[in-house]
1. In segment B:1-23, what count of residues is obtained for those that are buried (at least 17 other Cβ atoms within 10 Å of the Cβ), outside any strand (DSSP E or B) and not β-branched (Val, Ile, Thr)?
2. Hey, could you check segment B:137-191 for residues that are hydroxyl-bearing (Ser, Thr, Tyr) and more than 14 Å from every other protein chain (Cβ to nearest Cβ) and say which is surrounded by the most Cβ atoms within 10 Å (Cβ to Cβ)?
3. Report yes if C:Ala111 is in contact (Cβ under 8 Å) with a residue 60 or more places away in the chain, assigned to a helix (DSSP H, G or I) and over 22 Å from C:Tyr196 (Cβ atoms), otherwise no.
4. Of all residues in segment B:77-119, which are of a type in the set (Asp, Glu), assigned to a loop (DSSP other than H, G, I, E, B) and surrounded by fewer than 16 Cβ atoms within 10 Å (Cβ to Cβ)?
5. If you scan segment C:210-227, which residues turn out to be among the β-branched types (Val, Ile, Thr) and buried (at least 18 other Cβ atoms within 10 Å of the Cβ)?
6. Counting just the residues of segment A:156-175 that are within 8 Å of chain C (Cβ to nearest Cβ) and within 17 Å of C:Leu167 (Cα to Cα), which one comes out farthest from the chain's Cα centre (by Cα)?
7. What number of residues in segment A:1-33 are in contact (Cβ under 8 Å) with a residue 12 or more places away in the chain and not hydroxyl-bearing (Ser, Thr, Tyr)?
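The values are calculated or read from the model by the stated rules, or taken from the named source; none is laboratory data. Please read all numbers here as calculations on a predicted model, not as lab measurements. Glycine gets a Cβ as well: all are built from the backbone with ideal geometry, and neighbour counts include every protein chain shown.
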Amino acid sequence: MNPIMKFIHLMGSPPWFYQFSGRLIPWLWGLFVVLAACGLYLGLVKAPPDYLQGESARIMYIHVPSAWMSMMIYALMAVMGFVGLVWHVRIAEILAISSAPIGALFTAVALASGSLWGRPTWGTYWVWDARLTSELVLLFLYLGVIGLYSAFDEPRKAARAASLLALVGLVNLPIIHYSVTWWNTLHQGSSIGASGSSIHPSMLWPLLIMALATKFYYAANLLSRARIRLIEQDQRKNWVRELLQEGTA
Amino acid sequence: MLSVSDLTLERYFEPVFRPVSFTLKAGRALLITGANGSGKTTLIRLLAGVLRPSQGEARCDFERRVYIGHQLAVKDDLSVRENLHFMGKFQGRGASDIEDVIHHVGLRRVASQLARTLSAGQRKRCALARLLLSEASLWLLDEPYSNLDPQGMSMLDGMLHRHLQAGGACVLTTHGSLLPQGLETQELRLESGAAT
Amino acid sequence: MSGTSAWHAFTALLRRDLVLAFRRRTEMFQPLIFLLVVVSLFPLGVGPSPQLLASIAPGVIWIAALLATVLSLDTLFRSDFEDGTLEQFVVSGHPLTAIAFAKILAHWMVAGVPLVLMTPLLSLWMNLSVDGMVVMLVTLVLGTPVLSLVGSIGGALTVSLKRGGQLLSLLVFPLYVPLLIVATNAVSAAVAGLPYTGQLGLMVAGLIAALTLAPFATAAALKLSLE
Amino acid sequence: MSHTPFILAAYGVATLLLLWGALAPVLRARKLKSEIRARLERTGD
């Protein structure tokens, strides 16, 4: 069996996945902190204010990366859910379900920072602007997946139902996004979006670094949530008993 | 022939019953026994293809299966005749057989009443009519004798007997005394799935 | 199961569902009455001025139709789930997508078509112009099947849950957003005398997509709910 | 109207949410493990 297949096979066994991810998490958190600090420093201190919106554009360095993350996590959740649904890979199911709260979190961050950014630029906290509206609909999609998962008693059935819903949601995501954008141009004309204007390199670098930082946050958080769900589900199994008795968790 | 190897289903990450293996040839009946909650219904639903096993497999080369569970799939708002008519059409049977089947299961008198007005025994007979309507060679019956009066039980014995004679096979669960009379049966006792 | 017997099963199931619906006529009219009540609330809430009502008419009628459909989705599979008929569908060997499609078609005929027939009255109430009403009729004819198709996925996912009702609307509303946007825009374009064929084209595309994809998702959700 | 309060608010809310998102699993893990250990002692497995 070639190494990649061997790795995938090993990843499938709960104890191995638990140990492997356990070693990985500290590094991921480390990378997140370093990248975030560097991104924030560049974004908040070094980068010039936007010539149009002035200082408030600095909110872009948290708003845009979390908006990207909210969509990326939904897509990843749906793909992992698909793998769990079709090949009944339990770890894929757990990773998909553990991604949902993180995705909802990033959507909330995007909405909050977007509305706080709107106050100085558009004069109100909420404008039915294309991006904010589709973020809001995305939040409802996340709440639907989380709500459906928590409505079932049996965890495996809950994971499969939520994964199926995530898949249906993924098919609809681009349609929702473009219909909202088209709807927005009908009613208001295209509003000046930060990413619309061409980005000066000194502002592009912090944006990309922050985007990278949020990916490591997601990876670290996902693995720690997946580990707990694994322990919770296998608490009666031997490997958990041995693990906890050694106290090396 | 139905061959099952190392079959079980996990619920809440624990097997509902200890993995089972058996083979069931044409003309034979398998009796599944075990205490309440030992997973009899789960096993029979696994064999019916409603549930997907967490482990092991069930290879069945009987070309069609029919399953009668605790829920009898009889519509309260339809009459007995309409219920059977739907069951028959759903399996591609002509309407002519419906009247003979109604007579056979002894529901001729109530044939045009709504199923809502039937007694538990009559509803069970209405559900058992599904066996006659389907040409399935593998019968999967979950406690078929419950709610049946003595005539009903002997009717079912007769049906089973004829089915096995004709080269069919049958898996039925039962608890306690309600057993098919005069049938060659092999038995399978389910142990509850202890924590592995 | 050969193709012909799948067709027998489809027609038998469709006829049975329509008979069952007519046997419970009172329940059948619930979505319709709900639609009339919701639309008639708007003039009371927003004020009766004709210009205002005319401007919000497309959105109001469409949102009411959407709510009425979601209301009736909960019972779409529930009775079959509870009395074991759904199990028989799975064991029968017929393709579950065909069975799901028959159920959805029956739901659309029972819950969707009456909504379309109500359009003249609703347009009258909301002071919608005649050509607005005509396009509203077309959008509802194209749109209500999509409401049933997409909604049936939510219905199938929540059928095994005791209080699936509220969750069902949370699952389904985000999926209805594109349909609502395009449909209401088509009607307001017609009222304003602007071209609306593009929007109708989008709706036809949406209908075809829903027709081909939704039954598979619904069938998968039904099989999953039985576990 | 200086924008700094809005910038601080945006980053403040973001940090709070992300912090809560990161800490929730850690607290949950601690609680869960102590529950399981307690059950293990009690049942003496």
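1. Taking segment B:1-23 and keeping what is buried (at least 17 other Cβ atoms within 10 Å of the Cβ), we get B:2, B:4, B:7-9, B:11, B:13, B:15-17, B:19-20.
Narrowing the set further to residues that are outside any strand (DSSP E or B) leaves B:9, B:13, B:16, B:19.
Next, from what is left, pick out any that are not β-branched (Val, Ile, Thr): B:9, B:13, B:19.
Within segment B:1-23, residues that are buried (at least 17 other Cβ atoms within 10 Å of the Cβ), outside any strand (DSSP E or B) and not β-branched (Val, Ile, Thr) number 3.
2. From segment B:137-191, those hydroxyl-bearing (Ser, Thr, Tyr) are B:137, B:145-146, B:154, B:173-174, B:177, B:185; that's our starting set.
Among the residues that remain, those that are also more than 14 Å from every other protein chain (Cβ to nearest Cβ) are: B:145-146, B:154, B:173-174, B:177, B:185.
Working: B:Tyr145: 18, B:Ser146: 14, B:Ser154: 12, B:Thr173: 24, B:Thr174: 20, B:Ser177: 6, B:Thr185: 16.
The qualifying residue surrounded by the most Cβ atoms within 10 Å (Cβ to Cβ) is B:Thr173.
3. Working: in contact (Cβ under 8 Å) with a residue 60 or more places away in the chain: yes; assigned to a helix (DSSP H, G or I): yes; over 22 Å from C:Tyr196 (Cβ atoms): yes.
In short, yes.
4. At the first step, the residues of segment B:77-119 found to be of a type in the set (Asp, Glu) are B:77, B:82, B:97, B:99-100.
Cutting the leftovers down to assigned to a loop (DSSP other than H, G, I, E, B) gives us B:77.
Passing the criteria: none in range.
5. At the first step, the residues of segment C:210-227 found to be among the β-branched types (Val, Ile, Thr) are C:212, C:218.
Hit for segment C:210-227 is C:Thr218, nothing else.
6. Among those that are within 8 Å of chain C (Cβ to nearest Cβ) and within 17 Å of C:Leu167 (Cα to Cα), it is A:Lys157.
7. Applying the first criterion (in contact (Cβ under 8 Å) with a residue 12 or more places away in the chain) to segment A:1-33 yields A:11-12, A:14-15, A:17-18, A:21-22, A:24-25, A:28-29, A:31-32.
With not hydroxyl-bearing (Ser, Thr, Tyr) added as a condition, the list becomes A:11-12, A:14-15, A:17, A:22, A:24-25, A:28-29, A:31-32.
Matching residues across segment A:1-33 total 12.
Let's see how each residue does on (1) modelled with pLDDT of 95 or more; (2) more than 7 Å from chain A (Cβ to nearest Cβ):
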position	(1), (2)
D:Pro5	no, yes
D:Ala10	no, no
D:Leu16	yes, yes
D:Leu19	yes, yes
D:Leu27	yes, yes
D:Glu35	no, yes
D:Leu40	no, no
D:Gly44	no, yes
